[in-house]
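Bear in mind these aren't lab numbers, they're just calculated from the coordinates by the rules spelled out. Bear in mind the structure is a predicted one, so any value in this text is a computation, not a measurement. Note that each Cβ is placed from the backbone with ideal geometry, even for glycine, and that neighbours are counted across all protein chains shown.
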Amino acid sequence: MEDTTGTHVGLCTITTSQAVLNGKVEGKDRTVFWWNLNVTQRLWPGAKLITNTRGGSGNGLEGIDGSKHNTNWTRHEPECVYVSHLYLEQKLFDDKLTLDVGKLDTEDFIDTNKAAGWDFLSYSLARNPTIPCHWHAIGAVARYDLLPWLYVQGGVADAQGSWTETGLNTAFHDEDYFVSLYEVGLTPKLGARQGNYRFILWYDPQPLGRIDGSGVNRDDLGFGLSFDQEIADGVTAFMRYGYADESVREIEHYWSTGATWTGPIPGRREDVLGFGVGQFIMGGDYRRANQAAHTETIFELYYKIKLAEWCSISPDLQAILNPGASRDNDVGVIAGLKLVVGL
């Protein structure tokens, strides 16, 4: 269909099972099912319409593992069938300018990372959790490639959007709060090794309650970094950092680092071994209000086994220090298994 009518159809399902091996809820296990149907239709030159229809079931270990890191990003999907994405993309000026407008996720464009992506189960290693991305909301993103190794982009999204609704009922009346994000990206090659270096700024105009209960703050600002660099054949290292205002955000600083290795075993060129560590440094206001620990840290190790072009399975192990940034929790260990089927 893509050759004849310009229509591309893709279906992906992810089934994830996780069990707590160590911690206060040792022995607890949960399974989450997630699916996404993508239809992309070419229109006029440089333009295409992109839609995702989505659903799932299961909250996973949310509320059980005690962690703030979101140990499974596929969990908590609305069980109803809904349209998560419906937007138009237009490329102009010899593809140097790209515009995307409609119902979309700004995190599909901002803070992407070649090594630290959705192969990790924990959201805090797949994306930067200090960045206030709003999923499935009315918004727009514009990117301009200034040079082959330099681009700038920015986006806005409805801060009050609902996952399962179009967004027209929240985006264009009452307060009209839109979160804006800006990114400058450098994509140099160091010798033959590709690197990607992203510098991110975000602004949230909403009134947010202060952690200490003394009122509200508006005009919240934060910034982040997202780097990945190929360091050897098949090996790419990554690093992220984020800063948020401790007076209105639980997490003041966030960092993560790690690497992925494609083809670690001879004869298994499409398998991927990944390791990452991420840490939340809790804000002083949150620690004082909750008698919380200074940090919460997650370690994750996975091995993605490519069974076929359309199927992979990934054993996964996570260890969490001070789950929930609680002084009463020591170490939590979670074993997982993820099955991905994509057609």
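Ordering HIS136, HIS8 from the fewest to the most neighbouring beta carbons within 10 Å gives HIS8, HIS136. Only alpha carbons enter this Debye calculation for segment 1-103, each as an equal point scatterer, and the log10 of I(q)/I(0) it gives at q = 0.19, 0.21 Å⁻¹ is -0.93, -1.03.
Ranked by the mean number of other Cβ atoms within 10 Å of their residues, highest first, the peptides 98-111, 330-343 fall in the order 98-111, 330-343. Under the convention that each Lys and Arg Cβ holds +1 and each Asp and Glu Cβ holds -1, the size of the dipole of segment 1-119 around its Cα centre is about 160 debye.
Give, as a single signed number, the net charge of other residues whose beta carbon lies under 12 Å from the beta carbon of GLN41, with Lys and Arg counted +1 and Asp and Glu -1. The answer is 0. When the pairs LYS91/LYS304; LYS91/LYS189; LYS28/LYS304; LYS48/LYS114 are compared against a 32 Å limit on Cα-Cα distance, LYS91/LYS304 fall above it. Largest first and in whole Å, the equivalent-ellipsoid semi-axes of segment 224-317 read 35, 14, 10, each the square root of five times a Cα gyration tensor eigenvalue. The value of relative contact order for segment 7-53, using C-alpha pairs under 8 Å at least six residues apart, is 38 percent. Within segment 266-343, the proportion of C-alpha pairs whose separation exceeds 19 Å stands at 52%.
What is the local net charge at SER312, summed over the other residues whose Cβ is closer than 13 Å to its Cβ (Lys, Arg +1; Asp, Glu -1)?
It works out to a net charge of -1.
Rounded to the nearest 20 debye, the dipole magnitude of segment 173-290 is 620 debye, with +1 charges on Lys and Arg beta carbons, -1 on Asp and Glu beta carbons, and the Cα centre as origin. Packing here is the average count of other Cβ atoms within 10 Å per residue, and on that basis the peptides 226-232, 294-300, highest first, run 294-300, 226-232.
Under the simplified labelling scheme, the GLU270-ALA319 pair shows an inter-label distance of 3.2 nm, with each label point 7 Å from Cα along Cα→Cβ. Over 21 Å, how big is the tail of the calculated P(r) for segment 101-188, in percent of all Cα pairs? The proportion of pairs with Cα distances above 21 Å equals 37 percent. Each residue of segment 259-269 was assigned a 3J(HN,Hα) from its phi angle through the Karplus expression (A = 6.51, B = -1.76, C = 1.60, θ = phi - 60°), giving 7, 10, 10, 8, x, x, 10, x, x, 10, 5 Hz with x at Gly and Pro. Length gained on full extension, GLU2 to GLU175: 58.1 nm, using 0.36 nm per residue less the C-alpha separation. Report the Stokes-Einstein translational diffusion coefficient (µm² s⁻¹, integer) for the chain, Rh taken as the Kirkwood radius over Cα pairs, at 25 °C with viscosity 0.890 mPa s. It comes out at roughly 115 µm²/s.
Simple rule: put +1 on each Lys or Arg Cβ and -1 on each Asp or Glu Cβ in segment 87-342, find the dipole, and look at ASN322, ILE298, TRP261; the Cα lying farthest toward the positive end is TRP261.
Remark: relative contact order (the chain) = 14 percent; criterion is Cα-Cα distance under 8 angstrom and separation of 6 or more residues. Ranking of CYS12, CYS133, CYS80, CYS311 by neighbouring Cβ atoms within 10 Å, starting from the fewest: CYS80, CYS311, CYS12, CYS133. Mind checking which of GLY213, LEU343, GLY234 is farthest towards the positive end of the chain's charge dipole, using Cβ charges of +1 (Lys, Arg) and -1 (Asp, Glu) about the Cα centre? Farthest towards the positive end: GLY234. Placing a label point 7 Å from the Cα of ASP29 along the Cα-to-Cβ direction, the residues of segment 297-339 whose backbone N falls under 12 Å of that point are 335-337.
Plugging the Kirkwood radius over Cα pairs into Stokes-Einstein for segment 184-343, at a temperature of 4 °C and a viscosity of 1.567 mPa s, what D comes out in µm²/s?
Taking Rh from Cα pairs, D becomes 71 µm²/s.
Relative protection proxy for 118-128, 256-266, from highest mean packing down: 118-128, 256-266 (other beta-carbon atoms within 10 angstrom).
In units of the compact-protein estimate 2.2 N^0.38 Å, segment 167-241 shows a Cα radius of gyration of 1.65. Around the Cα centre of the chain, unit charges on the Cβ atoms of Lys, Arg, Asp and Glu (plus for the first two, minus for the last two) sum to a dipole of about 680 debye.
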